Each structure stands twice: as C-alpha cells, then as structure tokens.
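Peer 1: Here it is: the structure, laid out below.
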Amino acid sequence: MNYVEWLRVRNWLKITAIVLGVFLVLAIVLRISVSRYMSPDAWVHESMMHPGVKVTHTTLPDGTQRTILDDPAESTRAIIDDRGYAGKHIVITEPSSRAQHESSHINVGSIQVFESHQGKMTTTVVDTNGAVPMLYYMAIADIVAILVATILAAPLAREVDGHLEIALTKPIPRARFALGAMGADVVGIIAASCLTVVAFYICQLLFESARLDFSGINSRAIAMGIACPLAWYAMLCALTTWFNRSYIAVLVSAIPGVIIVGILTIIHPNNVVALFVHDVAWGISRLIPFSYVSFAEPTSHGTINYEASAASSFGFRMAIQVMFFVVYSALAIWKWQRVEA
Amino acid sequence: MNTITISNLRKVYGSVAAVDGFSLEIQASSVFGLLGPNGAGKTTAFKCMLGLARPTSGEILYDGRPLQPATFERISYVPERSVLYEWMTVNEHVEMNRRAFSSFDAGRARELLAQFNIDTHKRARVLSKGMKTAVMVALAFARNTEVLILDEPTAGLDPVNQRHVLSLMINEAAKGNSVIFSSHQIGQVERAAEHIAVMDRGRLVLEGLVDDLKADRKIVEGIFPNVTYTLDGIANDVRVARADRTERIVRLVVTEGADEIAARLSRAGAAGVRVLDLNLEDIFLYAVSPATATADVVAKESSS
C-alpha cells in the first residue's frame, strides 16, 4: 500500500550507498598510498642506518613477527610485535626528554598509546588494534541517519502536495496508510544508519582486523543513535503534516533552526532581552530530541563524570526519545486524518 | 454496486457554498454526465463522494451504506488534474496500483497504455498533459471497478484518444458498471451519456435522461424585420419555458404546442419561423444561469 514511500526510501538509500561508496573508494586509495608506512620495516630500516644499532628478527610460537632494535648509544630499545591483521604491539623504551613524570593514555580510533615514566626512562606502548568504541561509529551513522530522516520526514505532506486523490482512494484507513508510510521511512533511517556503520567498518577492515566495543557507553550510544534520529524524524513529520503547504521550508530550515536554538540557549542572560531569548530558546530546545542526547553532564563539583552521569540518566533520556517519537507520530497521524483535498 | 445516493449534499468553504443541497441518485449500468460551468461545484461534489472532502452536511451512500475504505476496491477515480508522481515511471505507477488494488489488471493497464501510445518506461514528469490524462484513465479502467468517477477524463487528449476514452466509458456501462463523468465538451457528453445532471453555483438545476430532456422541449425561432417588435404576449404563454431575443431574432423554448406557437409568431410578423429540436448544448445553456449562459441571451421576463 505504501509502495511510493518504499520507492522514496529505496532511492535515498541508493544515494546514501553511493556517498558511502565514495568514502570507501577514498579509504582504499588511502590504504594503498600508506601501505608502505603501515609496516615497521621502513622505520626499522632507517634505524639500522644508525651506527651501533642492533636489529634482531624472531618469530614467536604464535606466528608473531618480533623485531627488536637496540641502540646503546641513544639508550633506546624498541620491541615491535607484528601480528599481521591483528595489529601491532610496539614497546619503546627511551630516555625521558621532558620534565613531567605523569603517565598519559591516548585513544584514537583503534590506536592506543600509553606512555609511562620510570626514573629517567620513558616507556611508550603503542597498540594498533584496540577495540573501537561503537560510539565513534554511531556518531558518524547518526549524522547520516539524521540527514536521511530530514529528507524523508514529509511522507504525508508530500501526498497532500498533489497526490491526495491517489493516497486517499486506496482501500485502507487513513491511519494505516500514515503508519505504513512512516514505517517505511523508519526502516529507511535505520537502514541508512546500518549502512554507514558497515561502510566505516569495512574502511577500518582495510587497515586492520577491527574489533568493536559494544560495552557500557557504546551500547547506550547504539540505542540512542537509533532512537534520536527516529524521534527527530517524527518531530519533522508532525511539523510537515501540520504545515503541509510549506513542508519544504520546514525541512530546509530544520537543522539550521536547531543549531540557532542551540546557540541561543547558551547566551549568557546578562540583561532582560538576553534572558528572554535564552528562556524562549531553552523552552523550545526541550521539544527537540537532540537536547536529550548527552553522554556527559557536569557533576556538582563542576567536573565531568562521563560514565556515571550518562548511565544514570540514560533510561530517562531514552524514555523521552521514545515519548517524542510516539507523541509526534500521533500528532502527524491526527492531522492526516483531517486532511482534505 | 447498484446505486449511489447523494442526499442534500452541502460543502461550504469559508462563506462560499461550493455544493449546496445537491441530491442525486445514480443507477448502475449507465453513463452519467455531470455538466456545469466553471466553479459550478462538480469537482467538489466528486471529492465529497470520494471522501476527499468532508461534506458540511448531507449524506452519500453506496448501495445504502456510507463510504468505507474497502469501497475503494469498487470505485476508481480520475481527477481533473494530474496527480501522478512526477519522479516515478509509468511502470511504477502500474506497479503501485497492482499492489494497492486486488482487482487491478496490470496486463490490461499495459494494453490500454499501448493503445494511448504511452512509453511505460518514461517518468511522469516528461509526459505531456494529455499523456498524463491518458495514463490516469488507463490505470482507472484497468482496475475493473463497478463505478468509475471521471473528472474531465478527456482534458488535453487529442480527438482520437478522446473518442477512445468515450468508447471505453460506453463499454464499461455495457458491462454493467457505472460511469460518472464531467466534461466541458458537451458534444462528448451527448455522445456518451444517457443520463445527465447540470450543476450551477453548487446546485442541481437539471437532471434526467438525455433523450427525455430533448424530447420534452422544442425551439421555435423567428426573425423580425426590425428590432422594434412586440411578441403579442407569446412569451407569457404557459407553454413557453423561456424566450430569448437577440436583436431581430427570437428563440422560444416551448414545452408543447410548438407548431401553434410558431404560427402565432408568424402572425406577429416574424419571418422564417421554424421549429427545431433541442440539442444538449441548448439544454445546458438554458439550464444554467440565463444572464451568464451566453452574452446574447435575455431572460424571458425581460423580453415580455
């Protein structure tokens, strides 16, 4: 019954797939161009040029290719374990070059760098195949899903715009038609999100055997990453159905509008006008699903406890997203029931 | 579906009554023509019949029952303007109908589209107005419904395809189905419809079988030698439904005794007096508002 909406969804998924395909091609090009840097051989070879450097190659029982570089002149020792697609584990011990003695831990995607200081020596451990938090994937997938949701979010207004004679003369109740159309879009939005995750996972696979982290904050990111675009879609769907004559303007101004509201909420209310603008923007922001996407909130001490605060309010924020989806969808259907040609 | 009953249908937009107290009963196995000038309320009446517009008051019954979603399995509708999805191909429109309606015959649709010379791989946006009408007509006729409601189904079509659409309508009626259509082309209505209704300003002003309406009345026409003539009370005769005069020409619509009225007109000084049969155009023009029907028609009251 909602063949037209399925066609729309199919068309936009095709476009999404093409865009993601371009990213994939770029990733392949990048992979080819950096392939020589992905092996420690070049660095090892360069180090061997230094006088006095001793290089040892061994193969461990599990197949790991171990390379040990010893540079007595520089007091530097590096152990490189190459596990092929399982990544590399590199331990570098060298004299400290700075005064600070604090340890540091940096994560960039799947690369983890841990630096520690003992006396005058610094040990740096590099792991190139750390688990990648799903949070990263979902952040990218959400951008795509929100864009697709924004584009699709006028299934009923598009029918009002010149096709009511088709839509309303089908042998199904209006509510069922609306639910079917919105259902098709929901599937499309989730599919766009999944496509993005898959595309970026393949990109990562080009470089290493990716391991995904679904624990803790990541599982919440997945749930919120699906719920928020759907709530956003439902909100726009309600707006476009109610303001069906200007649905294109609603869709075009939606994301800029949200950004403006977001900026206005952070205006410091130092005078009456600013206070008024801030309060109005804050009030509006409460109706926007994005306002409830947060994985960190300041504690009473002004510091941020990411895990604890996100976990404690996650249920509430998810409930809000679900409520938005249901209420906004109901508003759209209610209006659709009253539409006349 | 045997009958469609419309009772006291009224649809008001703001302060304007687009349809006002419209009542009609349409029987099965017939081609029913709905005539009316622009803005008469024909399209609004169709929309109300199909639930596309909510009547302000009144009732529409299909075989004695109100319109239900399931009723649309038995009704097909061609609106007056294109409602095709511009970005979809004709084939996709066929598929859409196949999925939506259980009785839709995709093969028949393709056959009809071929008869209209429509390339089914084309997107609707590249079709001309007439082609779009043809696509909508083909899709409607391929649904095998008991009732076809067609709002200006020949708009934009060339004469060959117009004739084809009229043939399709007559064939449907021959199969026992009802065809209700509106058109501004009275010749087409006269050719296809056996039953007509005329709407004007939202109201039903005339309704009946075309043959009966034609047989009921005659036109008596005469030419006077100059414009300063009198009708000697002929216009006030109860058998004269209306009298129109255009300078020296007088046309009288007579319900009975046409020959006697013609003789009286001759005695009053008119030359070339003749008795004519009414055609549907005359019936239509006389049914709608006299002052606006044509520029040179004068109401009976003003001529006497």
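The values are calculated or read from the model by the stated rules, or taken from the named source; none is laboratory data. Computed from a predicted model, the values in this text were never measured in an experiment. All Cβ positions, even for glycine, are placed from backbone atoms using ideal geometry, and neighbour counts span all protein chains on display.
Peer 1: Give region B:119-130 a look and list any residue that's touching a residue at least 24 places away in the same chain (Cβ under 8 Å), part of a helix (DSSP H, G or I) and closer than 18 Å to A:LEU7 by Cβ, or say none. Steps first, answer last, please.
Peer 2: If we filter region B:119-130 for residues that are touching a residue at least 24 places away in the same chain (Cβ under 8 Å), which is where we start, we get B:119-125, B:127-130.
When the remaining residues are screened for being part of a helix (DSSP H, G or I), the result is B:124-125, B:129-130.
Those that are touching a residue at least 24 places away in the same chain (Cβ under 8 Å), part of a helix (DSSP H, G or I) and closer than 18 Å to A:LEU7 by Cβ: B:ALA124, B:ARG125.
Peer 1: Say we look at region B:178-199 and pick out the residues that are out of contact with any strand residue (DSSP E or B) (no Cβ under 6 Å at 6 or more places or on another chain) and crowded, with 22+ Cβ neighbours inside 10 Å; which of these is modelled with the highest pLDDT?
Peer 2: Among those residues, the one meeting the criterion is B:MET199.
Peer 1: Cβ-Cβ below 6 Å, separation at least six or inter-chain, first residue in region A:273-284 and in a helix (DSSP H, G or I), second crowded, with 16+ Cβ neighbours inside 10 Å: which pairs?
Peer 2: Matching pairs, first to second residue: A:VAL277/A:LEU264; A:ALA281/A:VAL261; A:ALA281/A:LEU264; A:ALA281/A:THR265; A:TRP282/A:THR265; A:ILE284/A:VAL261.
Peer 1: Within region A:136-167, count every residue that is over 19 Å from B:MET88 (Cα atoms) and within 10 Å of another protein chain (Cβ to nearest Cβ).
Peer 2: Number satisfying all stated conditions: 0.
Peer 1: Can you confirm whether region B:264-278 contains a residue that is out of contact with any helix residue (DSSP H, G or I) (no Cβ under 9 Å at 6 or more places or on another chain) and among the charged types (D, E, K, R)?
Peer 2: yes
Peer 1: Ok, one more. Restricting to region B:231-273, give me the number of residues that are under 22 Å from B:ILE186 (Cβ atoms) and in contact (Cβ under 8 Å) with a residue 40 or more places away in the chain.
Peer 2: Step one: filter region B:231-273 for residues under 22 Å from B:ILE186 (Cβ atoms), giving B:241-242, B:244, B:246, B:249, B:251-255.
In the following step, the residues that additionally are in contact (Cβ under 8 Å) with a residue 40 or more places away in the chain were identified as B:241-242, B:244, B:246.
Total satisfying the criteria: 4.
Peer 1: Within region B:222-249, track down each residue that is surrounded by 18 or more Cβ atoms within 10 Å (Cβ to Cβ) and outside any loop (DSSP other than H, G, I, E, B).
Peer 2: Listed by number, the residues that qualify are B:GLY222, B:ILE234, B:ALA235, B:VAL240, B:ARG242, B:ALA243, B:ASP244, B:ARG245.
Peer 1: Within the group B:ALA70, B:ALA18, which residue is under 21 Å from A:VAL339 (Cβ atoms) and more than 11 Å from chain A (Cβ to nearest Cβ)?
Peer 2: Details: B:ALA70 fails: more than 11 Å from chain A (Cβ to nearest Cβ).
Within the list B:ALA70, B:ALA18, the selection yields B:ALA18.
Peer 1: Before we move on, is B:VAL275 β-branched (Val, Ile, Thr), modelled with pLDDT of 80 or more, under 27 Å from the mean Cα position of the chain (by Cα) and surrounded by fewer than 17 Cβ atoms within 10 Å (Cβ to Cβ)?
Peer 2: Working: β-branched (Val, Ile, Thr): yes; modelled with pLDDT of 80 or more: yes; under 27 Å from the mean Cα position of the chain (by Cα): yes; surrounded by fewer than 17 Cβ atoms within 10 Å (Cβ to Cβ): yes.
Against the criterion (β-branched (Val, Ile, Thr), modelled with pLDDT of 80 or more, under 27 Å from the mean Cα position of the chain (by Cα) and surrounded by fewer than 17 Cβ atoms within 10 Å (Cβ to Cβ)), B:VAL275 qualifies.
Peer 1: Where residues in region A:170-207 are out of contact with any Ser or Thr (no Cβ under 8 Å at 6 or more places or on another chain) and of a type in the set (Val, Ile, Thr), which of them is nearest to the other protein chains (Cβ to nearest Cβ)?
Peer 2: Of everything passing the filter in region A:170-207, A:ILE172 is nearest to the other protein chains (Cβ to nearest Cβ).
Peer 1: Then there is this: Which condition number in (1) surrounded by fewer than 11 Cβ atoms within 10 Å (Cβ to Cβ); (2) modelled with pLDDT under 85; (3) within 20 Å of A:ARG211 (Cβ to Cβ) is the one that A:ALA73 fails?
Peer 2: Answer for A:ALA73: the failing condition is (3).
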